[in-house]
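**Student:** After the structure tokens below, expect a handful of questions from me.
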Amino acid sequence: MLSLGLALVLLISLVSPIDSCTHQEKDSLLQILAELGLAVSWRSNTDCCTWEGITCNQDRKVTDVYMASRCLQGSISPFLGNLTALLRLNLSHNLLSGGLPLELVQSSSIIVLDISFNRLTGSLSELPSSTPAQPLQVLDISSNLFTGRFPSTTWEVMKSLVDLNASTNSFTGQIPTTPCVSAPYFAMLDLSFNKFSGNIPPGLSNCSKMTLLSAGHNQLSGILPDELFNVTSLEHLSLPDNHLEGPLNGIMKLTNLVTLDLGGNGLNSNIPESIGELTKLQELHLDHNNMSRELPSGLSNCIDLITIDLKSNYFSGELTKVNFSNLPNLKKLDLLYNNFTGNIPESIYSCSKLTALRLSHNKFHGQLSEKIGNLKSLSFLSLVNSSLTNITRTLQILSTSRSLTTLFLGFNFMHETMPDDYTIDGFENLQVLGLNDCSLSGHIPHWLSKLTNLRMIFLLNNRLTEPIPDWISSLNFLFCLDISNNSLTGTIPSALMDMPMLRSDKIAPNVFELPAYDKIPSLQYLRPGAFPKVLNLGMNNFSGEIPKDIGCTSGSGTRVTLSASLASGIGPPARVARSEILRRRCGGLWRHESSASWGTAR
């Protein structure tokens, strides 16, 4: 009897109000449960401090609600404001809709509020300047559907704010500078992917602790104000895809920069020699601007550089001023669409960590150096339109690069013969091969049959003859084959219809080291699988009957092109065909569509 009594006392003490959450806390959480349909682990007859995603302090008051990635639906309950000790609220990566309750923004306790990656709508209400100072330090409302003018006076009462992320919404108005004055420790501002307009305000210079400013993919205009270069604490300056203009002469003041992304603007100056003072710089993105002249030798002093992206500009001269040997950490170098001349500098081949190299569509000349074999990590190589000659020797050199997965060599080796040389070995990891627009004679070479990992082959716009070899159907991963505008003969082999990937919807989720372009630079792909499935046999000299099973590939979304006539292309000199697409579903009727065939990847 004594033992039973002790057990009862112990049991009562375990469920007593002293050791469980308060009734107010539980009632508020149960109200949230009713609105969001939370898991049954939130039971009214248990201590709410033991519920999944709930943390309490020693006073048994809720301090943390962590319900990220739970597929929650419904609206955010204002009853969360009744949790007077709540410090951190994370409802990110759900399916929540409705607006953001003002009770949470005005909370006298919350320091971290994360509701990112939901479907929240409406605008954000302004808090009057008479509102008591709020303790909020981190506010993440990114990746929602918020609209309207972005608040300005609200930030006057957020005196503890450190991090504000409102990216990927549809906010309008101008970039706020109020936090720079009211919040002395304000450090991170991300407003990218919105509809902000106007100039970059000089008032941002008051953010003396700011380390990140990201406002890319908006409608900002004007020049970079000199005052911005006084924010020497900046480590990440990201303003791509706006309408910014002007020079970069003051950039050398930002000596702590790790990331500089000004791509997709209207900058029309050169890269100043003083860029060499940015010795901590790792990411340099100045692509798609109007920049010109030679690259400065000072770029060699940015010894921590990992990525250099200067594509689609008007840079000229030789690259010899830049000593790439000083950049041991360089992984990606993209100089596509410029006016560089001379030989490819040998110092590039000393960048042993290089994974992606694109020098296409410049005015380089000379032969490919055997030293490219030093790039043991090279996965992506594009040398399109680089005046290369001797295709056999070039392929032999590149075959030693065992890590290559993507190789674009189009618009080179003009009028040479496609090698059918069994000494070409290697390429065991190659997935994408482009040898288009070279006017190559010969036939589809047998050495391709050994590249069993091939996903995409571009041999269009050559002078290849003879029938399509039957072995091509043994490339089990092939889903994009463009051999149009050649002189191939014979019948279309029925084995071509048996390629597994033309019938399957499953494509390996590989990624390109650099975006691959099709037709024009505005069409870019980060994954090979993002390309449509294509079987383009147009503009050849085939004879005989169309295989009866050819339409069955359409069930998996494959684009089958059998005949076409030439038309003028857009952009670079790749010829783009207007095609007569013949499609049918198995057992169905033929359907004819007029459409543009895929251009040249590069």
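Values in this text are rule-based calculations from the coordinates and carry no lab data. Fair warning: this is a prediction, and the values are worked out from it, not measured in the lab. We place every Cβ from the backbone using ideal geometry, glycine too, and count neighbours over all the protein chains shown.
**Student:** How much length would be gained if the chain were fully extended between residue 495 and residue 57, taking 0.36 nm per residue of separation minus their Cα-Cα distance, in nm to one decimal?
**Tutor:** 150.8 nm is the gain from fully extending residue 495 to residue 57.
**Student:** Determine the dipole magnitude for segment 46-163: charges of +1 sit on the beta-carbon of Lys and Arg, -1 on that of Asp and Glu, nothing else is charged, the reference point is the Cα centre, and the result goes in debye to the nearest 20.
**Tutor:** 120
**Student:** So what's the net charge close to residue 77: Lys and Arg +1, Asp and Glu -1, counting the other residues with Cβ under 13 Å from its Cβ?
**Tutor:** With Lys, Arg at +1 and Asp, Glu at -1, the neighbours total -3.
**Student:** By the scheme Lys and Arg +1, Asp and Glu -1, what is the net charge of all other residues having a beta-carbon under 12 Å from that of residue 132?
**Tutor:** Net local charge, residue 132 excluded: 0.
**Student:** Place the peptides 157-168, 358-369 in order of packing, highest mean first, counting for every residue the other Cβ atoms within 10 Å and averaging per peptide. Present the calculation step by step, with values, prior to reporting the outcome.
**Tutor:** Values: 157-168: 21.1, 358-369: 19.1.
Packing order, densest peptide first, comes out as 157-168, 358-369.
**Student:** As an exercise, use a Förster radius of 30 Å and the Cβ-Cβ distance of residue 30 and residue 125 to find the FRET efficiency, rounded to the nearest 0.05.
**Tutor:** Plugging the Cβ-Cβ distance into 1/(1 + (r/R0)^6) gives 0.65.
**Student:** Can you tell me the order of 72-80, 85-93 when each peptide is scored by its average per-residue count of other Cβ atoms within 10 angstrom, highest first?
**Tutor:** Descending mean neighbour count gives 85-93, 72-80.
**Student:** Under 8 Å for C-alpha pairs, at least 6 residues apart: give me the relative contact order for segment 348-484, rounded to a whole percent.
**Tutor:** After rounding, I find 18 percent.
**Student:** What order do you get for 177-185, 452-460 when each peptide is scored by the mean count of other beta carbon atoms within 10 Å, highest first?
**Tutor:** Peptide ranking by packing, descending: 452-460, 177-185.
**Student:** If you take the beta carbon distance between residue 541 and residue 428 as r and set R0 to 30 Å, what does 1/(1 + (r/R0)^6) give as a FRET efficiency, to the nearest 0.05?
**Tutor:** My answer for the efficiency is 0.35.
**Student:** Once R0 is set to 22 Å, what does the formula 1/(1 + (r/R0)^6) return for the Cβ-Cβ distance between residue 367 and residue 465, expressed as a FRET efficiency to the nearest 0.05?
**Tutor:** Computed FRET efficiency for residue 367 and residue 465 comes out at 0.20.
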